[in-house]
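This report concerns only the one structure given below.
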Amino acid sequence: MASSSSSARVNNKAALASASAAAAVASASSSSTVPAPVPIPASATAPTATLGELIGQQLQQLNPDELIYKDELQLLLLLTPVQRQKLSRELEDGDIGASTSSAPLSRPENPEEDDDLIGAVGGLSLASPTTTTAATTATTKEPLLDFRTHVLKWFQHLRHQTGHFKSEEESRRLREAGNDSYRKEKHPLKASDLFTEAIFLAPARNTLAAALAHANRSLVLYDCGLYAESYDDCLCALDLGYPEEYLPLIKLRQAACALKLRNFALCEEHLHELLHVELNQVFETRTHELWHQCEVLKVERFEMAVQTGDDLDTNDSKAFEIAWLDNSSSLHTTRAVAKNALIFESEAVAMVPSGNCRVCDNCGITQFIPFPCIYCSNRLVVYCSRQCRFKHAPIHAVECFGHQIELFESFGEVFGMPRLLQLALRMLITGLPEMLAHCRKKPTLSKLWSAINGGLVERQDIAYSAVLRLERLREEHASETVIALALASHVLAIYLSKCTTFFEQLEKSLPSASRMSSAEWELLCAALLMRHIGQLRHRSLTLCRSFVMPADPHVFSPLNEFQLWASPMRLQEGHLHLLAGEVAVVSYAVYPDTLSLCRHSCSSTICSKQSGRKMTALALLDLPAGSGIYNCFASGNYQQLRREERTRQLKDRGIRCHCNACQLSHADDQFHKFHRYRCDNPKCMEVFTPDALPHAPNLRWWLSEDYTQPECNGAELIVCPRCGEAQKLEWFWSFHTSLIDCELIEERCKLYAAIERAEGHLMDLHECKVALARLLVEQCLMVHRAHCSHLVQHFSTLLEILICFSYKVF
């Protein structure tokens with residue numbers, strides 16, 4: 001993933017804002033027509049300030065103590081280049097609409113510079129630039145007068161940097177390499193990957209390259225038994241202009257896929273299409289064969305038994321209810337809930353992939369054959385099927401140009417979490433059009449804002465109302481972090497105005513023929529974005545974790561891949577342990593009706609499980625009727641984090657915890673159970689928990705290269721507080737040395753001896769025990785796969801180690 005602005009230096013104010021913002025949030029279309037690109041002026045190719053520098057320049061000229069506001073809209077108004085005295089009078093009078101109509105948000109000095117911001121989004125060009133009037137240019141010089149101009153130049157700079165990512169020649173080369181891998185090497189896995197890369201690199205200006213790559217991949221997927229994905233590839237090839245002379249080949253493959261999927265009507269449809277075109281003898285014979293097979297299968301088809309309503313669990317009553325008090329929410333059980341029973345299940349109203357692995361941008365599942373947007377210049381926007389890509393098209397049409405210029409990655413360089421602002425944007429673009437459809441009167445900015453803070457929020461029939469009701473982080477003063485995020489919201493509002501047609505869609509959502517100015521829409525959207533960011537910084541952001549394999553797992557296969565894989569992304573049964581993945585944060589999501597409304601407690605009463613966009617919460621203990629439902633909003637509970645660390649994380653999210661786990665006099669005792677050592681000094685032998693270790697979060701030093709590399713001499717960093725002796729950890733170094741040659745019986749015996757010595761120094765349920773057991777078993781299973789004849793004799797020893805060390809699921 002290319003970075004667009006990380007090389008530029010940021011001034012002191014920007015660096016301070018970046019660090020502050022990172023600390024606050026780090027706990028977290030398919031059209032084939034493309035408008036012709038417009039040449040970028042020479043001024044756009046000159047060195048341009050980065051986003052961090054733009055925000056830093058504004059912070060240098062602002063005094064946070066002077067920014068007094070009561071809500072997000074007033075803060076955005078204070079950051080617009082209007083006369084301060086006039087603004088103050090208008091704010092006192094409450095006439096917000098009048099101020100914004102006469103003084104739009106940051107007019108550019110040269111509006112003609114906007115014209116080159118063309119985004120290839122389903123063939124839609126950009127909104128025309130707004131004409132600058134004499135009234136708006138006659139404002140006094142204010143600190144943010146040039147902000148909009150610089151933002152537009154920055155957009156141009158990003159577009160120039162990412163404009164040469166794709167290559168028709170490189171796509172063709174990869175496609176030919178895929179053909180060789182499939183036909184000559186008989187290597188379908190490698191061929192599928194090469195065809196996928198060819199699709200990623202195919203330029204949007206010439207869709208034939210992508211069409212050919214999709215068609216070639218469809219053949220590989222069909223041979224691997226992935227018929228639904230193969231059929232989707234055929235449709236993609238046809239949409240992108242597959243050559244007509246090869247049309248019978250694609251139609252024949254579509255019919256074969258439909259037959260394998262038991263969709264007989266669709267199969268007959270494609271066969272009828274083939275019968276109406278001129279076919280050679282081979283294609284004609286194959287067409288009649290498919291027709292015969294379809295008729296035979298139709299006769300053999302039988303109806304599956306349908307489960308009756310009497311067989312189903314009819315207890316549909318909800319196990320929870322929402323209670324609101326002083327704008328604060330809480331969940332309570334409506335009936336007794338047994339341990340491990342389901343409490344609630346919901347689907348995310350908004351979700352964005354984290355970038356840690358390949359995730360479908362619509363449904364959120366991992367590990368699939370990707371179907372990318374042909375216009376985007378990165379590999380992050382992918383879908384598991386054409387159906388998901390179609391469902392997500394309204395959202396992606398707004399974000400597509402942002403992905404083309406890697407806008408959201410640039411935000412990540414300043415604010416620590418790349419997808420935070422993108423998630424806030426999705427909350428806005430999915431909900432605001434629906435809400436506007438319920439506005440009856442002629443809207444103005446002030447009326448809309450009052451309705452959003454008033455009657456519309458209470459509506460139960462509007463999904464966006466539940467999002468607006470979510471609690472948000474409230475700060476008494478406008479800190480540099482808040483101002484920096486407000487400016488970032490301003491940047492996104494400018495993006496919506498100049499690089500998308502989103503405001504035109506909003507106008508269509510209104511029932512009346514009235515129009516609001518582009519500046520008013522910018523103010524409204526920037527204020528709502530700021531509100532959503534505040535909600536995500538508080539309790540609304542959910543980190544969705546899932547078990548993931550490497551992005552290209554077959555590359556790590558130690559032996560013949562055909563012994564490991566049944567087909568692309570499908571392991572042979574019983575081989576999962578050979579590709580040990582990890583549990584990672586795969587996406588960020590918002591659940592406004594369930595998880596976001598739970599109260600915080602470090603001893604959570606629920607265990608949440610994510611599967612794509614869906615989240616399931618199970619009870620961790622028996623809950624009587626009327627019990628509160630609690631969730632831990634820190635990155636770990638009282639068993640995984642010390643109280644000091646939990647308190648710091650919760651404070652950044654505006655949460656003050658008074659749960660029972662934090663009120664105990666020895667609140668970290670549960671945490672210490674996983675990190676107790678017996679001093680290896682023979683004269684001491686006392687049990688202790690080490691102090692905080694640099695470069696080792698949560699005392700897990702065995703995961704940090706700063707401690708595990710011998711040249712770092714990391715063992716000396718663990719010191720016994722009783723005798724002051726540095727721990728030698730001889731068993732750990734011996735274990736890692738012998739692990740390399742674990743196929744030798746002598747080395748395995750050394751491993752078992754190191755494990756036995758570790759048992760004397762790792763007390764209670766030490767987490768390092770699990771790490772050692774996992775490394776040992778993974779390596780031994782790998783050796784067993786290599787047909788080591790001596791390992792069978794050691795299975796009983798491995799089983800004892802697993803039972804003794806792995807106190808949680810391996």
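The values are calculated or read from the model by the stated rules, or taken from the named source; none is laboratory data. Since the model is a prediction, treat every value here as computed from it, not as a measurement. Heads up, the Cβs are rebuilt from the backbone with ideal geometry, glycines too, and the neighbour counts pull from every protein chain shown. The protein model used for the area step is the full one, side chains on, heavy atoms only, and it has no ligands, DNA or RNA in it. Shrake-Rupley method; radii C 1.70, N 1.55, O 1.52, S 1.80 Å.
If only one of Leu194, Leu235, Leu221, Leu174 is at pLDDT 90 or above, outside any loop (DSSP other than H, G, I, E, B), within 30 Å of Glu284 (Cα to Cα) and open to solvent by 10 Å² or more (accessible area, probe 1.4 Å), which one is it? Break it down into steps so the answer makes sense when it comes.
Values: Leu194 fails: within 30 Å of Glu284 (Cα to Cα); Leu221 fails: open to solvent by 10 Å² or more (accessible area, probe 1.4 Å); Leu174 fails: within 30 Å of Glu284 (Cα to Cα).
Being at pLDDT 90 or above, outside any loop (DSSP other than H, G, I, E, B), within 30 Å of Glu284 (Cα to Cα) and open to solvent by 10 Å² or more (accessible area, probe 1.4 Å) holds for just one of Leu194, Leu235, Leu221, Leu174, which is Leu235.
Please tell me if Ala661 is buried (at least 17 other Cβ atoms within 10 Å of the Cβ) and either over 21 Å from His761 (Cβ atoms) or charged (D, E, K, R) (or both). Give the derivation first.
On the way: buried (at least 17 other Cβ atoms within 10 Å of the Cβ): yes; either over 21 Å from His761 (Cβ atoms) or charged (D, E, K, R) (or both): yes.
Yes: the conditions hold for Ala661.
Checking Phe502 against (1) surrounded by fewer than 15 Cβ atoms within 10 Å (Cβ to Cβ); (2) touching a Cys at 6+ places or on another chain (Cβ under 9 Å), which test does it fail?
The one condition Phe502 does not meet is (1).
For segment 334-365: of the residues being open to solvent by less than 30 Å² (accessible area, probe 1.4 Å) and β-branched (Val, Ile, Thr), which is farthest from Asp193 (Cα to Cα)?
Val337
May I ask you to say which residue of Glu413, Glu434, Glu409, Glu399 is modelled with pLDDT of 90 or more, charged (D, E, K, R) and either within 15 Å of the chain's Cα centre (by Cα) or within 26 Å of Tyr588 (Cβ to Cβ) (or both)? Can you show your working first?
Working: Glu413 fails: modelled with pLDDT of 90 or more; Glu434 fails: modelled with pLDDT of 90 or more; Glu409 fails: modelled with pLDDT of 90 or more.
That would be Glu399, the only listed residue that is modelled with pLDDT of 90 or more, charged (D, E, K, R) and either within 15 Å of the chain's Cα centre (by Cα) or within 26 Å of Tyr588 (Cβ to Cβ) (or both).
Any idea how many residues of segment 579-625 are touching an Asp or Glu at 6+ places or on another chain (Cβ under 9 Å), farther than 16 Å from Cys357 by Cβ and part of a loop (DSSP other than H, G, I, E, B)?
2
Which is closer than 30 Å to Asp622 by Cβ and out of contact with any Phe, Trp or Tyr (no Cβ under 7 Å at 6 or more places or on another chain), of Ala341, Ala350?
Values: Ala350 fails: closer than 30 Å to Asp622 by Cβ.
The conditions single out Ala341.
Every residue in segment 367-409 that is open to solvent by 10 Å² or more (accessible area, probe 1.4 Å) and assigned to a helix (DSSP H, G or I), please.
Correct list: Arg386, Gln387, Cys388, Arg389, Phe390, Lys391, Ala393, Pro394, Ile395, Ala397, Gln404, Glu409.
Mind checking whether some residue in segment 425-445 is more than 18 Å from His532 (Cα to Cα), out of contact with any strand residue (DSSP E or B) (no Cβ under 9 Å at 6 or more places or on another chain), assigned to a helix (DSSP H, G or I) and among the basic types (Lys, Arg)?
Step one: of segment 425-445, the residues more than 18 Å from His532 (Cα to Cα) are 437-445.
Within this subset, residues satisfying the condition of being out of contact with any strand residue (DSSP E or B) (no Cβ under 9 Å at 6 or more places or on another chain) are 437-445.
Within this subset, residues satisfying the condition of being assigned to a helix (DSSP H, G or I) are 445.
In the following step, the residues that additionally are among the basic types (Lys, Arg) were identified as none.
Scanning segment 425-445 turns up no residue that is more than 18 Å from His532 (Cα to Cα), out of contact with any strand residue (DSSP E or B) (no Cβ under 9 Å at 6 or more places or on another chain), assigned to a helix (DSSP H, G or I) and among the basic types (Lys, Arg).
What pairs come up if the first residue lies in segment 242-269 and is open to solvent by 40 Å² or more (accessible area, probe 1.4 Å) and of a type in the set (D, E, K, R), the second is modelled with pLDDT under 95 and in a helix (DSSP H, G or I), and their beta carbons are under 6 Å apart, counting only those six or more places apart or on different chains?
Here the result reads Lys260/Tyr227, each pair linking segment 242-269 to a residue that is modelled with pLDDT under 95 and in a helix (DSSP H, G or I).
Condition (residue is at pLDDT below 85 and among the acidic types (Asp, Glu)) applied to segment 690-702: is it met by at least one residue? Write out each step before concluding.
We begin by selecting, within segment 690-702, every residue at pLDDT below 85; these are 691-698.
Narrowing the set further to residues that are among the acidic types (Asp, Glu) leaves 691.
There is at least one residue in segment 690-702 that is at pLDDT below 85 and among the acidic types (Asp, Glu).
Report yes if Val296 is open to solvent by less than 60 Å² (accessible area, probe 1.4 Å), at pLDDT below 90 and either in a helix (DSSP H, G or I) or under 17 Å from Tyr222 (Cβ atoms) (or both), otherwise no. Show your work before the answer.
Working: open to solvent by less than 60 Å² (accessible area, probe 1.4 Å): yes; at pLDDT below 90: yes; either in a helix (DSSP H, G or I) or under 17 Å from Tyr222 (Cβ atoms) (or both): yes.
So Val296 fits the description; yes.
Considering only residues of segment 411-458 that are surrounded by 22 or more Cβ atoms within 10 Å (Cβ to Cβ) and small (Gly, Ala, Ser), which is farthest from Ile55 (Cα to Cα)?
Among residues in segment 411-458 that are surrounded by 22 or more Cβ atoms within 10 Å (Cβ to Cβ) and small (Gly, Ala, Ser), the one farthest from Ile55 (Cα to Cα) is Gly431.
Determine which member of the set Ser385, Ser410 is hydroxyl-bearing (Ser, Thr, Tyr) and in contact with a Ser or Thr (Cβ under 8 Å, 6 or more places away or on another chain). Before you say what the answer is, go through the steps one by one.
Details: Ser385 fails: in contact with a Ser or Thr (Cβ under 8 Å, 6 or more places away or on another chain).
Of the residues listed, the single one that is hydroxyl-bearing (Ser, Thr, Tyr) and in contact with a Ser or Thr (Cβ under 8 Å, 6 or more places away or on another chain) is Ser410.
Answer with yes or no whether Leu473 is of a type outside the set (S, T, N, Q) and either part of a helix (DSSP H, G or I) or at pLDDT 90 or above (or both). Steps first, please.
Values: of a type outside the set (S, T, N, Q): yes; either part of a helix (DSSP H, G or I) or at pLDDT 90 or above (or both): no.
For Leu473, the condition - of a type outside the set (S, T, N, Q) and either part of a helix (DSSP H, G or I) or at pLDDT 90 or above (or both) - is not met.
So that you can scan it fast, the table gives a plain yes or no per residue for (1) closer than 18 Å to Phe674 by Cβ; (2) open to solvent by 70 Å² or more (accessible area, probe 1.4 Å); (3) at pLDDT 55 or above; (4) over 40 Å from the mean Cα position of the chain (by Cα):
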site	(1), (2), (3), (4)
Val719	no, no, yes, no
Glu747	no, no, yes, yes
Ala753	no, no, yes, yes
Leu762	yes, no, yes, no
Ala773	yes, no, yes, no
Gln779	no, no, yes, no
Val783	no, no, yes, no
Ser789	no, yes, no, yes
Tyr807	yes, yes, no, no
